[in-house]
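Peer 1: This is the structure I have questions about; it appears just below.
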Amino acid sequence: MADAAAAAGAGGSGTRSGSKQSTNPADNYHLARRRTLQVVVSSLLTEAGFESAEKASVETLTEMLQSYISEIGRSAKSYCEHTARTQPTLSDIVVTLVEMGFNVDTLPAYAKRSQRMVITAPPVTNQPVTPKALTAGQNRPHPPHIPSHFPEFPDPHTYIKTPVSDKLGLQVCATMPG
């Protein structure tokens, strides 16, 4: 089989539309995950004894693997939410796999197979930095009667006397109890 890097496609972008590579960090993150799946598919094909594979075949198998993993995630999330939890547990995933027809009893033996290939993690890409909100003034600390787990007070300009003029040019003073 062609090496995994070739299967990941230096010439292809890894997207369905075949468009040019994006400079958007979120798109680059999705591209890196897609390429990692292509490497996984290539290594599984190598383990199965294939010496080569067409790029279209690797792409189809990658799409199938991505859909399968996404469906596992969606179903596990559904089971998790059904039991009023926010984080799926191992049992949610096991129930999902069983529901999808996967024999979970074969999983330990598959994980311990001798000819498995270890794939290194892709390089970490920096997530886009969210700009900090503009602040005006200094925030007040909580008074003793307000628990510390409550959110901080907003910026003082939002609740201290603020002169406001209406359409007639009259000055009005908006105040909130503070």
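Peer 1: How much of the accessible area of the stretch 23-67, probe 1.4 Å, is carbon plus sulfur, in whole percent?
Peer 2: Result for the stretch 23-67: 61 percent of the exposed heavy-atom area is carbon or sulfur.
Peer 1: Pop a pseudo-label 7 angstrom from the Cα along the beta-carbon direction at both SER57 and ALA84 and give the gap in nm to one decimal.
Peer 2: 5.2
Peer 1: In square angstrom, rounded to the nearest 10, how much accessible surface does ASP27 have for a 1.4 Å probe?
Peer 2: Here the residue's solvent-accessible area equals roughly 70 Å².
Peer 1: Follow-up question, since we're still on this one. Give me the aspartates and glutamates in straight-line cross-link reach of LYS77: C-alpha distance below 15 Å, same-chain residues under 8 apart excluded.
Peer 2: The reachable aspartates and glutamates, counting only those whose Cα sits under 15 Å from LYS77, are ASP92, GLU99.
The values are calculated or read from the model by the stated rules, or taken from the named source; none is laboratory data. All of these numbers come straight from a predicted model, not from anything done at the bench. Cβ atoms come from the backbone with ideal geometry, glycine included; neighbour counts cover every protein chain shown. Ligands, DNA and RNA are excluded from the accessible area calculation, which covers all protein heavy atoms including side chains. Shrake-Rupley method; radii C 1.70, N 1.55, O 1.52, S 1.80 Å.
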